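All remarks here apply to the structure that follows.
Where a number appears in this text, it was derived from the coordinates with a stated rule and is not lab data. This structure is a prediction, so every number in the text was calculated from the model and none was measured. So basically every Cβ, Gly included, is an ideal-geometry build from the backbone, and we count neighbours across all protein chains shown.
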Amino acid sequence: MLWTFWPTSSHLADAERREMLSSGREELFRNRDRWARTYLKKAGLLESPKRGFHRIIPRGLEVLKQNLERIDVSFLDQFAEFVEFRKMRQARPEEAQALEAMFFLARSATKPIR
């Protein structure tokens, strides 16, 4: 599962990982992780074959091969499925930031994500 791997291998301090959303209901890191995975799934880059498991699918592998500096909402807008998802709901700024934060953490990891 992405959540259990990234926080331990990232450059985030414990205090940063424990930072709460302004609502106080959830950790900011966990929230951003959840939104990043949602965005990647809606763009057709990632799938969840069962709860707690995530897999990069062929389209996602093609994106990884591009060795991009960042993946953000404007990049994901090239995928029709993602555009449709965004039309269904107005994206909040913290959701867009989530994707960027998770992409940074994934690139800084030293082990493959399963």
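The amide H of MET20, built 1.01 Å from its N in the peptide plane, has LEU28 as neighbours under 5 Å, considering only residues 5 or more places off or on other chains.
Couplings for the stretch 30-35, taken from phi via the Karplus curve 6.51 cos²θ - 1.76 cosθ + 1.60 with θ = phi - 60°, read 4, 4, 5, 4, 4, 5 Hz in order; Gly and Pro are left as x.
Between LYS65 and ALA13, the contour length at 0.36 nm per residue exceeds the alpha carbon distance by 15.8 nm.
Among the GluC sites (Glu not before Pro) found in the stretch 27-78, those both in a DSSP coil and sparsely packed, with 11 or fewer other Cβ atoms within 10 Å of their Cβ, are GLU69.
For the stretch 13-21, 3J(HN,Hα) computed residue by residue from phi via the Karplus equation (6.51, -1.76, 1.60; θ = phi - 60°) reads 6, 3, 4, 5, 5, 8, 4, 9, 4 Hz, glycine and proline entered as x.
Give me ILE71, ILE57 sorted ascending by neighbouring Cβ count inside 10 Å, so fewest comes first. Intermediate results must be reported in sequence, preceding the final value.
Working: ILE71 24, ILE57 14.
Ascending number of Cβ neighbours within 10 Å: ILE57, ILE71.
Restricting the stretch 12-90 to trypsin sites (Lys or Arg not before Pro) that sit in a DSSP loop and have at most 16 other Cβ atoms within 10 Å of their own Cβ leaves ARG25, ARG51, ARG70, ARG89. With both labels modelled 7 Å from their Cα along Cα-to-Cβ, the LYS50 to SER22 distance reads 4.0 nm.
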